[in-house]
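Q: Dumping the structure here so I can ask a few things about it.
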Amino acid sequence: MGSLILEQLREQTRSAHLALEAQPLLKRLMSSRLTETDYGQLLQSMLAFYQSLELELVPATKALLGRHPDPDYHYLPRTPLLVNDCRVLGLASPGLIHLPLDFRLNGSGANLLGVLYVIEGSTQGGRLIARHLADTLGISEKSGASFFSIHRWDNSWTTFRRWWTRALEGTYQDDVQSIIDGANMTFSSLHTHLEQWRFLTHER
């Protein structure tokens with residue numbers, strides 16, 4: 001992704017990004033007092049989120065790649081990883097819970113790029129989380145942390161940015177606001193979802 005657009009995205013999504021990081025379930029994830037129960041609740045909530053999100057996201061990304069092919073980038077579905085992590089840790093699947101009503105892909109390639117920017121960019125934070133899980137709970141990619149260990153075998157953040165530079169930058173250079181809107185929508189929708197999850201599970 002071009003550096004100017006990337007800088008715009010970072011700046012224009014900073015507030016939503018910081019608000020998400022401060023959300024109690026995610027904030028607890030990086031605590032030195034993290035427990036397996038805390039981690040399990042977060043995994044189940046993320047599974048519910050991605051189960052719903054990827055119903056639209058996977059085919060939409062496939063269609064965008066059909067219009068703008070790339071030899072390296074592909075979207076790796078997160079749902080199977082989260083299902084496996086929950087299974088390994090003996091957690092029940094939460095079932096399909098629909099996303100907040102304000103989250104809807106609008107058919108715009110630019111809007112979709114904003115969503116992918118957040119998801120693929122989160123793999124960088126996953127590096128820190130994976131190390132923290134290993135240090136605090138002794139959980140590795142093979143024992144319940146594959147979702148946070150994507151970077152070990154799929155360098156999607158790098159290939160996503162390269163795809164942008166190769167095939168998309170010129171096409172969407174006038175749609176930066178739509179990209180920003182898609183990214184902010186993703187941050188805020190995940191935040192809302194996690195807050196609703198706390199309410200549903202009576203977590204405070």
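Q: Give the separation of the Cα centroids, segment 137-181 to segment 43-69, in Å.
A: Rounded to whole Å, the Cα centres lie 13 Å apart.
Q: What is the dipole size for segment 126-204, taken about its Cα centre, with +1 at each Lys and Arg Cβ and -1 at each Asp and Glu Cβ, in debye to the nearest 20?
A: Approximately 380 debye in magnitude.
Q: With every protein chain left in place, what is the accessible area per residue of the chain in square angstrom, probe 1.4 Å?
A: 48
Q: Can you give the local net charge around residue 149? Use residues other than it whose beta-carbon is closer than 13 angstrom to its beta-carbon, Lys and Arg +1, Asp and Glu -1.
A: +2
Q: Can you compute the FRET efficiency between residue 87 and residue 199 using 1/(1 + (r/R0)^6), with r the Cβ-Cβ distance and R0 = 30 Å? Round to the nearest 0.05.
A: 0.70
Q: Only four residue types carry charge here, +1 at the Cβ of Lys and Arg and -1 at the Cβ of Asp and Glu. Report the dipole size of segment 67-204 about the Cα centre in Debye, rounded to the nearest 20.
A: The calculated dipole for segment 67-204 is roughly 380 debye.
Q: Taking a ≥ b ≥ c as the square roots of the Cα gyration tensor eigenvalues, with a/c under 1.5 meaning rounded and otherwise prolate when a/b beats b/c, else oblate, which class fits segment 7-56?
A: oblate
Q: Residue 17: accessible area at probe 1.4 Å, nearest 10 Å²?
A: About 80 Å², rounded to the nearest 10.
Q: Also, I was wondering about something else. Under a point spin-label approximation (7 Å from Cα along Cα-to-Cβ), what is the residue 37-residue 22 distance to one decimal in nm?
A: 2.7
Q: Would you kindly find the accessible area of residue 135, with a 1.4 Å probe and non-protein molecules such as ligands, DNA and RNA excluded, rounding to the nearest 10 Å²?
A: In the full protein context, residue 135 sits at about 130 Å².
Q: If you rank 62, 27, 142 by how much accessible surface each has, with a 1.4 Å probe, what is the order from largest down?
A: Largest accessible area first, the list is 142, 62, 27.
Q: Over all distinct Cα pairs, what is the inverse of the mean 1/r for segment 61-204, reported as the Kirkwood hydrodynamic radius in Å?
A: This gives a value of 16.8 Å.
Q: In terms of solvent-accessible area of protein heavy atoms at a 1.4 angstrom probe, what is the ranking of 151, 193, highest value first?
A: 151, 193
Q: Charges on Cβ only, +1 for Lys and Arg, -1 for Asp and Glu, centred on the Cα centroid of the chain; of 115, 132, 180, which one is farthest towards the dipole's positive end?
A: The residue sitting most towards the positive pole is 132.
Q: For every helix of n ≥ 4 consecutive DSSP H residues, a contribution of -39,500 (n - 2.57) applies; sum these over the chain, divide by its total residues, and give [θ] at 222 nm rounded to the nearest 500 deg cm²/dmol.
A: -21000 deg cm²/dmol
Q: Just grab the label-to-label distance for residue 30 and residue 162, each label 7 Å out from Cα along the Cβ direction, in nm (one decimal).
A: Result: 2.8 nm between the two label points.
Q: Okay, moving on. Using the beta-carbon distance between residue 7 and residue 65 and R0 = 35 Å, what value does 1/(1 + (r/R0)^6) give for FRET efficiency, to the nearest 0.05?
A: So, using R0 = 35 Å, E works out to roughly 0.90.
Q: Also, quick follow-up: Given a 1.4 angstrom probe, I'd like the percentage of the accessible area of the chain that is carbon and sulfur, rounded to a whole number.
A: 53
The values are calculated or read from the model by the stated rules, or taken from the named source; none is laboratory data. Bear in mind the structure is a predicted one, so any value in this text is a computation, not a measurement. Backbone-built Cβ (ideal geometry, glycine too); neighbour counts: all protein chains shown. Protein only, heavy atoms only, side chains kept; ligands, DNA and RNA dropped before computing areas. Shrake-Rupley method; radii C 1.70, N 1.55, O 1.52, S 1.80 Å.
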